[in-house]
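Structure record follows, encoded as structure tokens.
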């Protein structure tokens with residue numbers, strides 16, 4: 001049997017290829033250290049966690065990215081603007097030493113303040 005001699009197989013192959021393209025477009029955003037390697041360094045990665053260090057100078061912005069459930073320690077805080085996947089924007093004045101936990105999410109971070117922001121992110125692996 002070949003695709004040329006069986007139109008149903010040809011149709012199925014075409015549908016599968018189109019479905020594959022749609023699925024690829026719907027996949028979630030990539031991890032922060034992949035989309036924005038200039039701002040995120042991997043400190044540790046194993047089967048349980050991904051530990052990243054984020055450094056954003058004033059005026060810098062990372063690319064839209066995702067995190068799994070995460071705990072974040074802000075070694076140096078600052079004024080941040082956080083754009084969510086739906087287009088909403090959150091403004092946050094984060095103090096030095098602040099620790100937060102957040103469930104999995106997709107966002108972009110911009111340092112809108114005058115100080116360098118440094119954060120250590122401990123992200124759970126699914």
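Residues that are surrounded by 14 or more Cβ atoms within 10 Å (Cβ to Cβ) and not in a strand (DSSP E or B) are absent from segment 88-97 altogether. Filter segment 56-87 down to the residues that are in contact with a helix residue (DSSP H, G or I) (Cβ under 6 Å, 6 or more places away or on another chain) and either part of a strand (DSSP E or B) or crowded, with 17+ Cβ neighbours inside 10 Å (or both) and list them by number. Scanning segment 56-87 gives a single hit, 65.
Can you tell me how many residues within segment 22-55 are surrounded by fewer than 10 Cβ atoms within 10 Å (Cβ to Cβ) and at pLDDT below 95? Going through segment 22-55 one residue at a time, the tally reaches 6.
Residue-wise test of (1) touching a strand residue (DSSP E or B) at 6+ places or on another chain (Cβ under 9 Å); (2) within 14 Å of residue 52 (Cβ to Cβ); (3) touching a residue at least 24 places away in the same chain (Cβ under 8 Å).
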| residue | (1), (2), (3) |
| --- | --- |
| 73 | yes, yes, yes |
| 96 | yes, no, no |
| 114 | yes, no, yes |
| 120 | yes, yes, yes |
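The values are calculated or read from the model by the stated rules, or taken from the named source; none is laboratory data. Just so it is clear, the model here is predicted, and its values are computed rather than measured. Positions of Cβ are backbone-derived with ideal geometry, glycine not excepted, and every protein chain shown enters the neighbour counts.
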